[in-house]
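The values are calculated or read from the model by the stated rules, or taken from the named source; none is laboratory data. Keep in mind it's a predicted model, so treat the numbers as computed, not measured. Cβ placement follows ideal geometry from the backbone for every residue including glycine, while neighbour counts extend to all protein chains displayed. The area values use the complete protein model at the heavy-atom level, side chains included, leaving out ligands, DNA and RNA. Shrake-Rupley method; radii C 1.70, N 1.55, O 1.52, S 1.80 Å.
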Amino acid sequence: MAKSKHYYIRRIHRYMGMLLGIQFLFWTIGGLYFSWTDIDEIHGDFQHKAMPLLSGNVNLVAPGSILQSVAGKPEFISSIQVINILQKPFYSIIYTSSGKEFKILADAQTGEIRKPITKEEAVTIASASFNGAPALKSVEYLTTTNGHHEYRKKPLPAWAVTFNHPTSTTVYVSADFGKVESFRNNKWRIFDFLWMMHTMDYKQRDNMNNWLLRTFSIMGLLTIISGFVLFVDSSKWRRRKKVSTL
């Protein structure tokens with residue numbers, strides 16, 4: 001006996017639903033978390049302490065004089081910034097010489113080029129930027145990260161300063177420039193995992209054009225369409241119409 005069109009539509013809908021069900025569950029859980037969690041808490045904004053501004057009554061040396069003193073002639077300048085490191089002005093300079101990129105940190109008042117941020121300085125900078133006075137838990141020096149690390153796509157090397165706090169917050173400080181690059185807490189880590197499941201980018205998290213997500217989106221659309229077709233095909237109105245035509 002030949003199988004009816006209704007039979008095949010029902011089987012396609014069933015198996016596609018089973019295949020997509022787990023991913024739909026993650027999409028739903030992720031959507032709930034994203035919409036019910038304060039984004040400021042995820043970013044750790046409530047933990048950031050506003051740093052005092054640098055005094056405007058200060059004499060700064062010209063950045064050009066610093067570049068003239070470095071080894072190798074700077075061919076291109078990527079950026080020059082005045083940054084505040086423990087209430088002292090410094091120049092963070094990125095330039096290119098002989099096809100190689102260089103990063104230097106120089107005292108903006110004396111022009112003296114200083115060494116990268118030490119462990120003790122990183123802890124002091126991280127503590128000064130953190131609201132409250134939590135105890136120090138651990139300090140790690142990062143030279144490389146992968147696509148799953150919470151400090152990805154950020155300047156390296158960096159100091160990861162973790163505090164003994166209910167949120168398990170880690171403050172990442174650039175070793176080259178002494179800048180606080182990011183706060184990472186438990187809510188951010190949950191967000192990051194759910195975002196990975198949402199985008200289905202299991203390598204870098206942020207590629208919304210990957211083929212796995214595209215495929216599941218199309219399959220999800222086909223599952224919904226098959227459900228509507230199944231509903232119409234199995235409805236009483238449809239069955240009465242078929243009987244009336246016999």
Q: Specify the residue that is modelled with the highest pLDDT; the eligible residues are those in the range 62-100 that are in contact with a Ser or Thr (Cβ under 7 Å, 6 or more places away or on another chain) and loosely packed, with under 11 Cβ neighbours inside 10 Å.
A: Phe76
Q: Give the residues of the range 107-125 that are closer than 12 Å to Lys88 by Cβ, surrounded by fewer than 15 Cβ atoms within 10 Å (Cβ to Cβ) and touching a strand residue (DSSP E or B) at 6+ places or on another chain (Cβ under 9 Å), sorted by residue number.
A: Gln109, Glu112, Arg114
Q | Residue list for the range 60-87, restricted to those being charged (D, E, K, R) and without any contact (Cβ under 8 Å) to a residue 24 or more places away in the chain | A | Glu75
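Tally time: how many residues in the range 170-200 are within 18 Å of Gln47 (Cβ to Cβ) and among the aromatic types (Phe, Trp, Tyr)?
Of the residues in that region, 4 qualify.
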Q) Can you tell me how many residues in the range 181-205 are more than 14 Å from Thr169 (Cα to Cα), basic (Lys, Arg) and open to solvent by 30 Å² or more (accessible area, probe 1.4 Å)? A) 1
(Q) Checking Tyr33 against (1) in contact (Cβ under 8 Å) with a residue 60 or more places away in the chain; (2) hydroxyl-bearing (Ser, Thr, Tyr); (3) in a loop (DSSP other than H, G, I, E, B), only one condition comes out false. Which one? (A) (3)
Q.
Can you pull out every residue in the range 191-216 that is modelled with pLDDT under 85 and assigned to a helix (DSSP H, G or I)?
A. Phe216
Q. (1) touching a Lys or Arg at 6+ places or on another chain (Cβ under 8 Å); (2) modelled with pLDDT of 90 or more: which one isn't true of Gly147, the others all being true?
A. (2)
Q) Quick check: anything in the range 163-182 assigned to a helix (DSSP H, G or I), without any contact (Cβ under 8 Å) to a residue 24 or more places away in the chain and of a type in the set (S, T, N, Q)? A) no
Q.
Test of understanding: among Leu105, Leu156, which residue is closer than 30 Å to Asp206 by Cβ and in a loop (DSSP other than H, G, I, E, B)?
A. Leu156
Q) Being open to solvent by 60 Å² or more (accessible area, probe 1.4 Å), in a strand (DSSP E or B) and under 24 Å from Pro52 (Cβ atoms), is that true of even one residue in the range 126-133? A) no
Q: Would you check which residues across the range 36-46 are outside any helix (DSSP H, G or I) and open to solvent by less than 70 Å² (accessible area, probe 1.4 Å) and list them?
A: Thr37, Gly44
Q. Looking at the range 134-151, which of the residues that are farther than 15 Å from Ala175 by Cα and touching a Ser or Thr at 6+ places or on another chain (Cβ under 7 Å) is most open to solvent (accessible area, probe 1.4 Å)?
A. Lys137
